[in-house]
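K.L.:
Let me begin by handing over the structure; questions about it come next.
The values are calculated or read from the model by the stated rules, or taken from the named source; none is laboratory data. Worth saying up front: this structure is predicted, and the values here are computed from it rather than measured. Cβ sites come from the backbone with ideal geometry, for glycine too, and all protein chains shown count toward neighbours.
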Amino acid sequence: MAFDVFRRHKDTSPPAWVRAAAAGVAAWEWLDDELREQLVADTADLVGRFRWEAANGFSVTDEMRGLIAAHAALLTLGLGTDWYRRVSSVIVHPTAFERSGEYDLGGGIVSDGVVDLLGESDPHGPVVIAWTAARHDAAFPEDGRNVVLHEFAHQLDMADGWVDGTPPLHDARARARWIDVCTRELERLRSGDDTDGLIDHYAANDPGEFFAVLSELFFTLPFDLAAEVPDLYDVLADFYLLDPASMVEAT
Ligand SMILES: [Zn+2]
């Protein structure tokens with residue numbers, strides 16, 4: 001009937017700013033159409049799922065929500081956003097933020113002074129992000145650093161309740177190989193036998209930082225990681241259920 005033409009359908013597509021945020025992630029270049037649509041949908045899901053808070057005197061904009069959610073969504077593109085069900089909220093600071101008192105910096109180092117942080121990830125707690133760092137890292141993926149990928153990778157690691165550099169793996173065989181490869185490569189990094197210099201030495205602090213730093217590389221410089229440390233790339237690809245290096249090569 002004619003009036004059907006005028007029937008209004010509920011528009012469930014994400015707002016334009018969410019799509020723009022997803023398309024602004026450097027990895028957008030090498031994603032196929034299906035994964036791009038998945039990234040847009042997952043970004044919209046996380047924008048709505050997380051509780052967004054601003055540091056005192058600051059306010060969180062759509063640009064901030066979009067960019068942070070898009071990078072978090074990239075990390076779980078193969079896994080699904082349910083992996084973030086323990087993330088209570090995301091707190092955005094304008095720039096580096098201070099922590100004082102006893103503060104565990106990882107690797108057995110505990111500060112009792114004041115430290116400046118760009119990001120923080122607590123078990124059962126919030127993810128804290130310095131906006132200037134998130135924006136900078138998104139603009140320069142060639143540096144292989146990304147504070148948002150780093151802090152959300154810690155959340156994946158903690159999904160089984162432990163911060164030990166081993167997220168819940170898909171089966172026992174994968175877990176055995178993961179531990180074998182990551183233990184060997186962490187020792188190699190600590191011994192200084194990393195002639196390529198691709199992996200930031202912050203990764204040598206402990207297995208938790210190793211996983212977070214390697215996750216940054218896996219999504220920013222996947223081709224370099226696959227070429228330099230193929231075993232490590234393979235276990236990460238098996239966990240993330242994505243093969244970005246082959247997608248980069250195909251583009
Ligand atoms: Zn960390």
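K.L.:
Looking at this structure, is Glu187 surrounded by 23 or more Cβ atoms within 10 Å (Cβ to Cβ), farther than 27 Å from Ala22 by Cβ and out of contact with any Lys or Arg (no Cβ under 6 Å at 6 or more places or on another chain)?
P.N.:
no
K.L.:
Further, regarding this structure: In the range 19-67, how many are part of a helix (DSSP H, G or I), under 22 Å from Arg145 (Cβ atoms) and touching a helix residue (DSSP H, G or I) at 6+ places or on another chain (Cβ under 7 Å)? I'd like the intermediate steps shown before the answer.
P.N.:
Taking the range 19-67 first, the residues part of a helix (DSSP H, G or I) are 19-23, 26-30, 33-49, 62-67.
In the following step, the residues that additionally are under 22 Å from Arg145 (Cβ atoms) were identified as 21-23, 26-30, 39, 43, 46, 63-67.
Narrowing the set further to residues that are touching a helix residue (DSSP H, G or I) at 6+ places or on another chain (Cβ under 7 Å) leaves 21-22, 26-28, 30, 39, 43, 46, 64-67.
Count: 13.
Here's the yes/no breakdown for (1) among the basic types (Lys, Arg); (2) touching a strand residue (DSSP E or B) at 6+ places or on another chain (Cβ under 8 Å):
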| position | (1), (2) |
| --- | --- |
| Phe50 | no, yes |
| Gly57 | no, no |
| Asp62 | no, no |
| Val90 | no, yes |
| Val114 | no, yes |
| Arg135 | yes, no |
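K.L.:
Among the residues that make up the range 243-251, is at least one of them among the hydroxyl-bearing types (Ser, Thr, Tyr), loosely packed, with under 13 Cβ neighbours inside 10 Å, under 24 Å from Glu34 (Cβ atoms) and more than 16 Å from the ligand (Cβ to nearest atom)? Don't jump to the end; show me each part of the working.
P.N.:
First, pick out the residues of the range 243-251 that are among the hydroxyl-bearing types (Ser, Thr, Tyr): 246, 251.
Okay, now just the ones that are also loosely packed, with under 13 Cβ neighbours inside 10 Å, so 251.
Narrowing the set further to residues that are under 24 Å from Glu34 (Cβ atoms) leaves 251.
Applying the additional criterion that residues be more than 16 Å from the ligand (Cβ to nearest atom) yields 251.
Yes, the range 243-251 contains a residue that is among the hydroxyl-bearing types (Ser, Thr, Tyr), loosely packed, with under 13 Cβ neighbours inside 10 Å, under 24 Å from Glu34 (Cβ atoms) and more than 16 Å from the ligand (Cβ to nearest atom).
K.L.:
Separate question: Here's a check for you: in the range 189-224, which residue that is assigned to a loop (DSSP other than H, G, I, E, B) and of a type in the set (Val, Ile, Thr) is nearest to Val248 (Cα to Cα)? If you could, list the steps in order and put the result at the bottom.
P.N.:
In the first step, residues of the range 189-224 are kept if they are assigned to a loop (DSSP other than H, G, I, E, B); the result is 191-200, 205-206, 221.
Next, only the ones that are of a type in the set (Val, Ile, Thr) stay: 195, 199.
Working: Thr195: 24, Ile199: 19 Å.
In this case the residue turns out to be Ile199.
K.L.:
Give the residue that is modelled with the highest pLDDT, with candidates limited to residues of the range 95-128 that are in contact with a helix residue (DSSP H, G or I) (Cβ under 6 Å, 6 or more places away or on another chain) and more than 12 Å from the ligand (Cβ to nearest atom).
P.N.:
Our first condition is that a residue be in contact with a helix residue (DSSP H, G or I) (Cβ under 6 Å, 6 or more places away or on another chain); within the range 95-128, this holds for 95, 106, 118-119, 121, 123, 127.
With more than 12 Å from the ligand (Cβ to nearest atom) added as a condition, the list becomes 95, 123.
Numbers: Thr95: 92, Pro123: 83.
By that ranking, first place goes to Thr95.
K.L.:
In the list Ala174, Ala153, which residue meets the criterion of being touching a residue at least 12 places away in the same chain (Cβ under 8 Å), exposed (fewer than 14 other Cβ atoms within 10 Å of the Cβ) and of a type in the set (A, V, I, L, M, F, W, C)? Outline the logic, then answer.
P.N.:
Details: Ala153 fails: exposed (fewer than 14 other Cβ atoms within 10 Å of the Cβ).
Just one listed residue meets the conditions, Ala174.
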